[in-house]
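Trainee: Pasting a structure below so you can have a look.
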Amino acid sequence: MKVRTLKPHGNVFGARYAKAVGDEYEHPQPEADIAFGYVEDATSPVDLAKMDVAELQEFAAKRTILLPSEGEGTGKDGRVIKADMIATIEATLGVQQAG
């Protein structure tokens, strides 16, 4: 099964032993790593634009992604808006979402 790393860890599967957040690789028996929150099923794409703010915060927290703090956003008076969260997640994971 193809998996996506949620927490940095190491194992012998994939191209490198050390796995960083967002890495995707084939794992022959991922059940334990999924149960412990190290990886998730990567076969279904994630559409960040369809998530609400709470879902984006949870998505980032599971992957130990630090979102911008108040005052660091692009909204009025530096408020963090949904687009700021999406941009940070994409930059951290190194992915571009379609659309």
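Just so it is clear, none of the values below were taken in a lab; they were calculated from the coordinates. Note that this is a predicted model, so its numbers are computed, not measured. No Cβ is skipped: glycine too gets one built from the backbone with ideal geometry, and neighbour counts run over all protein chains shown.
Trainee: How big, in percent, is the set of alpha carbon pairs in segment 2-41 lying more than 12 Å apart?
Mentor: 48
Trainee: I would also like to ask the following. Angle, helix 53-62 long axis vs. longest principal axis of the chain, Cα atoms, 0 to 90°, nearest 10?
Mentor: The helix 53-62 is inclined about 40 degrees to the chain.
Trainee: Sticking with this one: Assuming R0 = 30 Å, what is the FRET efficiency of GLU72 and LYS2, from their Cβ-Cβ distance, to the nearest 0.05?
Mentor: The formula returns an efficiency of 0.35 here.
Trainee: Additional query: Fully extended, how many nm does the chain gain between VAL46 and TYR17 (0.36 nm per residue separation, minus their Cα-Cα distance)?
Mentor: Computed gain between VAL46 and TYR17 is 8.0 nm.
Trainee: Cα-based Rg of the chain per 2.2 N^0.38 Å, rounded to two decimals?
Mentor: That ratio works out to 1.17.
Trainee: Can you tell me which of VAL53, VAL12, VAL39 moves the most in a GNM of the chain? Springs connect C-alpha atoms under 10 Å apart.
Mentor: Largest GNM mean-square fluctuation: VAL12.
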